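Each reported figure results from applying straightforward, stated rules to the coordinates on display, with no laboratory input. Note that the structure is a prediction, hence the values are computed from the model and not measured.
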Amino acid sequence: MSRSHCSQCEHNDEYKKDDQIDSDMVTTLSKEKGKLGISRPFLTYEDMKKYPIVCLTKLAKFLDKPFCLEEEREEVVQEIVRLCSFDNLSSLEVNQTGVQHFSPQFAVENRHFLRKGQVGDWRNHLTLEMAEQLDEITRQKLRGLV
């Protein structure tokens, strides 16, 4: 696996600054998790990978668009899960050949926006030091909640 895009981050001091990491949304959501209950589902990436149909069903209910019995019988939920899978999305031509031009000097190939979609794949993209720094920031932001 090529880590060229990560090697730039490893040497970029800006990446490591606490104030450069937009963790406020995650912090707020995590703090509110206990209060949210069923009216606002809190979905983790790990749960979405392990129980995609359950999570999609919760999301549909939250959006007030629950699946009807006919859709469930016709396996519409399973088809949505398949269409939204990393395997399917990463195989689309736009994600294999497309490029996002953020400025005249800065462009990123779309393939860099989709990884393997596997829990724990961060090990292939972050150094241990980077992961420890993110863990420490998370601990500080969530102190007193766990």
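Brief remarks on what is shown
- Extension reserve of the A131-E93 stretch, reckoned as 0.36 nm per residue once the Cα distance is removed: 10.5 nm
- Cα gyration tensor shape for the range 69-146, rounded if a/c is under 1.5, else prolate or oblate: oblate
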